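Asks: Have a look at the structure that comes next, please.
The values are calculated or read from the model by the stated rules, or taken from the named source; none is laboratory data. Quantities reported herein were computed from a predicted structural model and do not represent experimental measurements. Glycine also receives a Cβ, built like all others from the backbone with ideal geometry; neighbour counts cover every protein chain displayed.
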Amino acid sequence: FYETSGEELRSHLRLLELDECLSLSPGIEPDGLLGGLWSDMELCVNPSRAVRELPHWLSQKYGISFSFECAVSEFRAGKLHTARGASYEYDRAILCSGDDFETLYPEIYHSIPIRKCKLQMFRTVSQPAAWRIGPHLASGLTLRHYSTFQHCRHLKTLVDRIANETPELDRYGIHVMASQDDLGRVVLGDSHLYGEEIEPFDSVEINRFILRELQKIIRLPDWTMESFWNGTYAKYASDISFQHSPEPNIHICTGLGGSGMTLSFGLAERNWDRWTKGIE
């Protein structure tokens, strides 16, 4: 990946020997490790805290008004109408409805290659004695999952080996990553099931496979789990996101898949400049 990346991207990456990996992260399992790739572009936030605090910050700093538990059910005659029976005029409406394909413009979603993806994740208790894992950690399994790595010259060799040795990882879309939040808890995951494969029930077997693979690459002082959860998101197959304007000044933007937290702020800025200033 490093050798075939462009010069700009490569300036943010560094190939690491085994001892360098261990100096950056005490959580790395050295058994079987040859080296690693480090990036200076990774950031971490506590997502549950960020989601709670961001609306308050936007309200205080920019005077933005939020209406929660107020689903928009229809656009009609230049107004948006809510499920509570209220209606509002708008200058511009941006629909970021995630994996809700049924409420607004369902005919559009049914005509494009977009589908729902369910993941399973879990989180440990706070690690003892202020122990820190260091940077986000991911294994070679992750190379199979993200299109960024498709130009790796020997990716097919890895893909074939995983398919032969551990086909259950392909069956459940498993690759493993670990990161630590500001409270010392280590967030672990994850799996990927799509479309009709999705059920409301979480799979203990999937969690067991994820944990098995994680314990091959990381060491934690305390593996006690605090919480388990699942999530669903929209994945658009033809591009990094689905963007469409079904009516004047109404814009749909969704389908970022598992890259939503990585891309959303940059995509929002780019789209706003395009919609309001004509800047591409």
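Asks: Being within 30 Å of L183 (Cα to Cα) and not aliphatic (A, V, I, L, M): is that true of E213 here? First the steps, then the outcome.
Replies: Details: within 30 Å of L183 (Cα to Cα): yes; not aliphatic (A, V, I, L, M): yes.
Spelling it out, E213 is indeed within 30 Å of L183 (Cα to Cα) and not aliphatic (A, V, I, L, M).
Asks: Quick check on segment 129-168: of everything there that is more than 20 Å from C44 (Cβ to Cβ) and of a type in the set (D, E, K, R), which residue is surrounded by the most Cβ atoms within 10 Å (Cβ to Cβ)?
Replies: My answer is R144.
Asks: Of all residues in segment 1-60, how many are closer than 22 Å to G184 by Cβ, in contact (Cβ under 8 Å) with a residue 12 or more places away in the chain and among the small types (G, A, S)?
Replies: Residues flagged as closer than 22 Å to G184 by Cβ, in contact (Cβ under 8 Å) with a residue 12 or more places away in the chain and among the small types (G, A, S) within segment 1-60 amount to 2.
Asks: While we're here: Going by what's in this entry, would I112 be described as free of Cβ contacts under 8 Å to residues at least 40 places away in the same chain, of a type in the set (A, V, I, L, M) and assigned to a loop (DSSP other than H, G, I, E, B)?
Replies: On the way: free of Cβ contacts under 8 Å to residues at least 40 places away in the same chain: no; of a type in the set (A, V, I, L, M): yes; assigned to a loop (DSSP other than H, G, I, E, B): yes.
So I112 does not fit the description; no.
Asks: Further question: I'm trying to understand the selection: among the residues of segment 174-187, which are in contact (Cβ under 8 Å) with a residue 40 or more places away in the chain and either farther than 11 Å from E213 by Cβ or surrounded by fewer than 24 Cβ atoms within 10 Å (Cβ to Cβ) (or both)? Spell out how you get there, then give the answer.
Replies: First, pick out the residues of segment 174-187 that are in contact (Cβ under 8 Å) with a residue 40 or more places away in the chain: 176-187.
Within segment 174-187, M177, A178, S179, Q180, D181, D182, L183, G184, R185, V186, V187 qualify.
Asks: Go through (1) touching a Gly at 6+ places or on another chain (Cβ under 8 Å); (2) surrounded by 14 or more Cβ atoms within 10 Å (Cβ to Cβ) and name the single condition E17 misses.
Replies: The single condition E17 does not satisfy is (2).
Asks: Within segment 46-86, can you find the residues that are outside any loop (DSSP other than H, G, I, E, B), loosely packed, with under 11 Cβ neighbours inside 10 Å and either assigned by TED's automatic domain parsing to the domain that holds D181 or hydrophobic (A, V, I, L, M, F, W, C) (or both)?
Replies: Keep residues of segment 46-86 that are outside any loop (DSSP other than H, G, I, E, B), which gives 47-62, 72-76, 79-82.
Now drop any that are not loosely packed, with under 11 Cβ neighbours inside 10 Å, which leaves 48, 51-52, 56, 60-62, 76.
Result: V51, single match.
Asks: So how many residues does segment 252-270 have that are farther than 16 Å from V51 by Cα, surrounded by fewer than 16 Cβ atoms within 10 Å (Cβ to Cβ) and in contact (Cβ under 8 Å) with a residue 40 or more places away in the chain?
Replies: Final tally of qualifying residues: 0.
Asks: Among the numbered criteria (1) surrounded by fewer than 18 Cβ atoms within 10 Å (Cβ to Cβ); (2) in contact with a Phe, Trp or Tyr (Cβ under 6 Å, 6 or more places away or on another chain); (3) over 21 Å from S23 (Cα atoms), which one does I206 miss?
Replies: So I206 meets the others, but not (1).
Asks: Any idea which of (1) small (G, A, S); (2) assigned by TED's automatic domain parsing to the domain that holds G258; (3) touching an Asp or Glu at 6+ places or on another chain (Cβ under 8 Å) is the one G98 doesn't satisfy?
Replies: (3)
Asks: Looking at (1) within 27 Å of the chain's Cα centre (by Cα); (2) not in a loop (DSSP other than H, G, I, E, B), can you tell me which one S23 breaks?
Replies: Unmet condition: (1).
Asks: In segment 118-141, is there at least one residue being part of a helix (DSSP H, G or I), touching a helix residue (DSSP H, G or I) at 6+ places or on another chain (Cβ under 9 Å) and within 24 Å of S179 (Cα to Cα)?
Replies: yes
Asks: For segment 146-241, list the helices (runs of 4 or more DSSP H) that sit wholly inside it and hold at least 1 residues that are more than 20 Å from L119 (Cα to Cα); which are they?
Replies: Numbers: elements: 155-165, 167-171, 204-217.
Per the criteria, 155-165, 204-217.
Asks: Please state which one of F201, F242 is modelled with pLDDT of 95 or more, out of contact with any Leu (no Cβ under 9 Å at 6 or more places or on another chain), closer than 22 Å to F101 by Cβ and among the aromatic types (F, W, Y). Explain how you work it out, then say what you get.
Replies: Details: F242 fails: out of contact with any Leu (no Cβ under 9 Å at 6 or more places or on another chain).
Criteria check complete, one pass: F201.
Asks: If you check Q127 against the conditions, is it more than 19 Å from the chain's Cα centre (by Cα) and either of a type in the set (V, I, T) or outside the structural domain of R274 (by TED's automatic domain parsing) (or both)? Can you show your working first?
Replies: Details: more than 19 Å from the chain's Cα centre (by Cα): yes; either of a type in the set (V, I, T) or outside the structural domain of R274 (by TED's automatic domain parsing) (or both): yes.
The answer is yes for Q127.
Asks: On to the next question. Considering only segment 33-45, I want to know if a residue exists there that is more than 30 Å from S264 (Cβ to Cβ) and assigned to a strand (DSSP E or B). Walk me through it before giving the result.
Replies: Going through segment 33-45, the residues more than 30 Å from S264 (Cβ to Cβ) turn out to be 33-35.
Applying the additional criterion that residues be assigned to a strand (DSSP E or B) yields 35.
Checked segment 33-45: at least one residue is more than 30 Å from S264 (Cβ to Cβ) and assigned to a strand (DSSP E or B).
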